[in-house]
Amino acid sequence: MYHALGGEGWDRNRGWLEEGEPCGGHNETQPSWYGLECSGDAVVQLDLSSNNLRGTLPEGLIRGVPHLKKVYLYSNQLSGTLPAEWLSHTPLM
């Protein structure tokens with residue numbers, strides 16, 4: 001996702017190129033990677049709104065995050081269609 005959506009140009013990208021678990025921060029409300037909210041070791045929210053993302057949402061983006069319930073990507077430079085997998089991802093419905 002980072003490379004597909006121009007991560008090097010994001011306004012805030014803390015942790016996205018570091019090794020380790022995305023939810024391995026200090027606590028649930030401050031995970032290692034900017035824009036994530038975690039419940040234990042599970043990513044439950046992705047908020048990269050107003051962060052200068054550019055491009056098309058890649059296929060497979062949410063496959064590895066089965067507990068993801070909320071996604072905020074507004075006020076970015078995204079184009080294309082919503083990947084079909086998002087329509088069948090039960091927690092987002």
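The values are calculated or read from the model by the stated rules, or taken from the named source; none is laboratory data. Because the structure is a prediction, the values reported are computed rather than measured. As a convention, Cβ positions derive from the backbone with ideal geometry for all residues, glycine included, and neighbour counts pool all protein chains shown. For accessibility, only protein heavy atoms count, side chains too; no ligands or nucleic acids. Shrake-Rupley method; radii C 1.70, N 1.55, O 1.52, S 1.80 Å.
Suppose the filter is in contact with a helix residue (DSSP H, G or I) (Cβ under 9 Å, 6 or more places away or on another chain) and open to solvent by 30 Å² or more (accessible area, probe 1.4 Å); does GLU8 pass it? Let's see the steps before the verdict.
Values: in contact with a helix residue (DSSP H, G or I) (Cβ under 9 Å, 6 or more places away or on another chain): no; open to solvent by 30 Å² or more (accessible area, probe 1.4 Å): yes.
It is false that GLU8 is in contact with a helix residue (DSSP H, G or I) (Cβ under 9 Å, 6 or more places away or on another chain) and open to solvent by 30 Å² or more (accessible area, probe 1.4 Å).
Answer yes if at least one residue in the range 16-23 is surrounded by 18 or more Cβ atoms within 10 Å (Cβ to Cβ), without any contact (Cβ under 8 Å) to a residue 60 or more places away in the chain, touching a helix residue (DSSP H, G or I) at 6+ places or on another chain (Cβ under 8 Å) and not hydroxyl-bearing (Ser, Thr, Tyr), and no otherwise. Quick ask: steps written out before the conclusion?
Quick first cut of the range 16-23, residues surrounded by 18 or more Cβ atoms within 10 Å (Cβ to Cβ) only: 16, 22-23.
Right, trim to without any contact (Cβ under 8 Å) to a residue 60 or more places away in the chain and you get 16, 22-23.
This time we only want the ones that are touching a helix residue (DSSP H, G or I) at 6+ places or on another chain (Cβ under 8 Å), so: 16.
Filter once more, so that each one left must be not hydroxyl-bearing (Ser, Thr, Tyr): 16.
So far as the range 16-23 goes, yes, one or more of its residues are surrounded by 18 or more Cβ atoms within 10 Å (Cβ to Cβ), without any contact (Cβ under 8 Å) to a residue 60 or more places away in the chain, touching a helix residue (DSSP H, G or I) at 6+ places or on another chain (Cβ under 8 Å) and not hydroxyl-bearing (Ser, Thr, Tyr).
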